[in-house]
Structure formats: structure tokens, C-alpha cells
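The values are calculated or read from the model by the stated rules, or taken from the named source; none is laboratory data. These numbers come from a predicted model, not from an experiment. Just so you know, the surface numbers come from the protein's heavy atoms only, side chains and all, with ligands and any DNA or RNA stripped out. Shrake-Rupley method; radii C 1.70, N 1.55, O 1.52, S 1.80 Å.
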Amino acid sequence: MKLRPATADDADFLADVLVAAVNWSPEWPPKSRRRVLAAPNTACYVAGWPRESDLGVVAEADGKRVGAAWLRFFAPDAPGYGFVAADVPELTIGVAEEWRGRGVGRALLHAVEDRAKEAGIARISLSVERKNFAQRLYFAAGYEVVGAGSEQSDTMVKVL
Ligand SMILES: CC(C)(COP(=O)(O)OP(=O)(O)OC[C@H]1O[C@@H](n2cnc3c(N)ncnc32)[C@H](O)[C@@H]1OP(=O)(O)O)[C@@H](O)C(=O)NCCC(=O)NCCS
């Protein structure tokens, strides 16, 4: 497995990852790619990728993309689910199903944090449903709950 910066050519793959992240729970009927990319509250994570301030990492194995993590800044009048401030980008992360539980997610998270530090970013935020085991990964990586996004979700922040 190798990690590399995400580029404009990864736009479709990032959209795949976003769809997987939205559909993380097997308990809910999956939302179609078309629906995820048509709804402003989910499409906003990849629309127009890459914007100048976007920053991401892609994991590849056997020449195939198997996961990605990226950061995007949002404005207060058009916030993401995990918005805390205009200068704090929000994390999206996902790993192909057959590659989960093998350390790819943790490696992606560390890599995107390293790139953020290099870019002078001081904090990263995210939104996660408490039932999603992704939250364990975030706790272990030093993210702290700063508020409740909804009845089921937390907003978390890591100071880099
Ligand atoms: C969340 C996700 C990105 C994690 O990536 P991953 O490659 O599976 O995770 P890793 O193998 O690096 O594991 C990191 C930690 O996650 C947790 N974890 C991973 N798989 C787990 C599982 N099956 N059950 C419980 N916890 C698990 C553990 O805390 C693990 O740490 P440990 O190995 O020390 O126990 C990935 O599972 C995924 O794509 N999920 C669907 C999309 C999603 O939910 N995105 C996040 C939305 S907020």
C-alpha cells in the first residue's frame, strides 16, 4: 500500500469514497451516488474538486485506489456537518470495504494530518455518528468531541 497526494484526476474516486462514507451504516438503505452528489449538504465535500485550498491523500494497493482522506474549508454561511470555524478544514475519509480493518484508514489519517501541518493548518474538524467505529479511530488519533452535531453525531476537533 502506498500513499500519495490526491489530484484533480481523483475527483471521481473521492466521490466514490464520499458515497461510501455517507452509507457507512449497513442498517440504513444506501443512498445512491446520484442522490449523494445532488444533495448540497453531501455534494459540498467534493463539488469542484480540487479547490485551491483542498488537500488530500489517496491510498493505492496493487495499482488500484483503495482509500482517501481529504480536507476542505467551509464558510460559516455554507457549513459542512462538522463545521467549527472558517479556518478549520473538515475531514472526509473512507477505505474500500475489502481493505478496511488493515490499517489503511489510520495511515491515511496520519498522512493527511502531516500534509495539513505542512500547510500551516492548526486544527481539523469532523462529524461522526457515535455508532460508527470510525469514532474510535478518531479518539485514538487525538480528536476530541467539541459538540453534538445531532442526536446521533458528534463534532470532533484535533489540534495539530
Ligand atoms: C472508518 C474507516 C475510514 C477506517 O479505516 P480502516 O482502514 O478500516 O481502519 P484501520 O484498519 O486503520 O483501523 C483504525 C481503527 O479503527 C477502528 N476499527 C477499524 N475497523 C474496525 C472494526 N471492524 N470494528 C471496530 N473498530 C474498528 C479501530 O479503533 C482501529 O484501531 P485498532 O486497529 O487499534 O483497533 C473505514 O472503516 C471506512 O471507510 N468506513 C466507511 C466510511 C466511513 O465511515 N467514513 C467515516 C465517516 S465519519
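Quick notes
- For segment 2-159, carbon and sulfur atoms together expose 51% of the accessible surface, with a 1.4 angstrom probe and every protein chain in place.
- Accessible area expressed per residue, segment 97-160, with surrounding protein chains retained (probe 1.4 Å, Å²): 59 Å²
- Beta bridges per DSSP with both ends in segment 16-160, % antiparallel, nearest 5: 95 percent
- Derived from the Cα gyration tensor, the three semi-axes of the equivalent ellipsoid of segment 12-142 are 20, 19, 15 Å, largest first.
- Considering only alpha-carbon pairs that sit under 8 angstrom and 6 or more positions apart, the relative contact order computed for segment 1-135 is 25 percent.
- Taking amide H as placed 1.01 Å from N in the peptide plane, the amide H of GLY149 sits under 5 Å from that of ASP154, THR155, each at least 5 places away or on another chain.
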